[in-house]
1. Hey, among the residues in the stretch 74-122 that are more than 16 Å from the ligand (Cβ to nearest atom) and within 21 Å of ALA172 (Cβ to Cβ), which one's least open to solvent (accessible area, probe 1.4 Å)?
2. Within the stretch 206-217, identify whether any single residue is modelled with pLDDT of 95 or more and part of a loop (DSSP other than H, G, I, E, B), and answer yes or no.
3. With respect to the numbered conditions (1) more than 26 Å from ALA139 (Cα to Cα); (2) of a type in the set (Ser, Thr, Tyr); (3) more than 13 Å from the ligand (Cβ to nearest atom); (4) in contact (Cβ under 8 Å) with a residue 24 or more places away in the chain, which one is the sole condition not fulfilled by SER44?
4. Restricting the first residue to the stretch 251-267 and requiring it to be within 19 Å of MET184 (Cβ to Cβ) and crowded, with 17+ Cβ neighbours inside 10 Å, which pairs with a second residue that is at pLDDT 95 or above and hydroxyl-bearing (Ser, Thr, Tyr) meet a Cβ separation below 6 Å and a spacing of at least six or different chains?
5. Restricting attention to strands (runs of 3 or more DSSP E) lying wholly within the stretch 97-193, give those where 2 or more residues are among the aromatic types (Phe, Trp, Tyr).
6. Of all residues in the stretch 28-68, which are in a strand (DSSP E or B) and open to solvent by 30 Å² or more (accessible area, probe 1.4 Å)?
7. When the residues of the stretch 1-27 are filtered to those that are within 16 Å of the ligand (Cβ to nearest atom) and not hydrophobic (A, V, I, L, M, F, W, C), which remaining residue is surrounded by the fewest Cβ atoms within 10 Å (Cβ to Cβ)?
8. Being assigned by TED's automatic domain parsing to the domain that holds TYR176, open to solvent by less than 80 Å² (accessible area, probe 1.4 Å), without any contact (Cβ under 8 Å) to a residue 24 or more places away in the chain and part of a helix (DSSP H, G or I) is true for just one of ALA280, ALA247, ALA242. Which residue is that?
Amino acid sequence: MSSSVSLLGLGSMGSSLARALIAAGMRPTLWNRTPERGSPFASSANLAGSIVEAIQSSDLVVSCLINYAATWSSLDRPEVIEALKGKTLVQLATGLPADATELAAWAGRHGIRYLDGRICCFPATIGRPDAVIYYGGDAATFEEHVGTLVALAGKSIYAGENVTNPTMLDCAFLSYCFAAPMAMLHGAAICEAAGLDPELFFAALPSFSADVNRRSVSFREAIRARDFTNVQSALQTDLAGARMWLACSSELGVDPAFAKALLDVMRVPVDQGKGALDTAYLFEAFKGAKTA
Ligand SMILES: NC(=O)c1ccc[n+]([C@@H]2O[C@H](COP(=O)([O-])OP(=O)(O)OC[C@H]3O[C@@H](n4cnc5c(N)ncnc54)[C@H](OP(=O)(O)O)[C@@H]3O)[C@@H](O)[C@H]2O)c1
């Protein structure tokens, strides 16, 4: 039983990764702690009877277990280490930078080539051209396997030798990934509290999203140039709008926590006399934030 790639973990994300490999014309070897999860793939993949068998089947081993603790308990065993020697391990579970550093060092000690990756999309997006996974580690190892990895995510992005880089980029992704859907749901809640059908809001959402995306162009220019004087919308103007937004939505009984948090972020640079600058200046304000 030999295939170009073996996959460890068939949870929600792992199953999507498996489907993407199969859709790309591969016949991967699959392993999951609970074997029943392999059943849907019985005709389109090789189902390994053990983790060692899965690893022995391919030179590229992609692991997507729930976390690093599960990855450690699955991999840090003599027979598994022996099977992994000389192969490439790609670790895709979410974790802290220190987790990536520790596992990379372990792999290095055992002669296992290692890439640490972070999946920056949901399972339904896996396999699409716009799916994003960041990878860190040895550049040559990434180059060797990127032809397979693009089957998982069209945007398989090499983020440098440092294996902690994908975690940092994952955090940047999460800023957007958490805030944007919350904003959608907050907007829908305002509609309902005002007796309006949230559909009126959702119907216009593609236009709102496009407008926000266009804003990223001027944000990128301002950040590259470190010049926030090309004003599309001044911080003080946005702050006035945010005050109206908080007052109005609070009056409707919508939880004010979300609007208050954003308003507080805007208020600090305005109080510091930066209100006439473009909203892009919040980039500097965020960097200056100190934790208590
Ligand atoms: N789902 C998403 O939207 C998403 C997005 C980005 C990143 N991720 C990351 O992808 C990783 C997997 O997430 P998921 O959504 O696939 O989770 P999930 O559906 O809960 O699946 C968890 C997987 O981990 C395995 N597992 C758990 N504990 C284990 C252990 N002690 N030993 C061996 N295997 C163990 C499970 O095996 P059993 O079937 O035997 O329990 C299953 O294959 C996570 O790190 C997650 O943060 C997920």
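1. By that ranking, first place goes to ALA104.
2. No, every residue in the stretch 206-217 fails to be modelled with pLDDT of 95 or more and part of a loop (DSSP other than H, G, I, E, B).
3. For SER44, the failing item is (4).
4. Close Cβ pairs satisfying both conditions: ALA259/SER249.
5. Correct list: 132-137.
6. Passing the criteria: TRP31, LEU47.
7. Within the stretch 1-27, the match that is surrounded by the fewest Cβ atoms within 10 Å (Cβ to Cβ) is SER12.
8. ALA247
The values are calculated or read from the model by the stated rules, or taken from the named source; none is laboratory data. Because the structure is predicted, anything quoted here is derived from the model rather than measured. Every residue, glycine among them, receives a Cβ derived from its backbone with ideal geometry; neighbour counts consider all protein chains shown. In case anyone asks, the SASA skips ligands and DNA or RNA and just uses the protein heavy atoms, side chains included. Shrake-Rupley method; radii C 1.70, N 1.55, O 1.52, S 1.80 Å.
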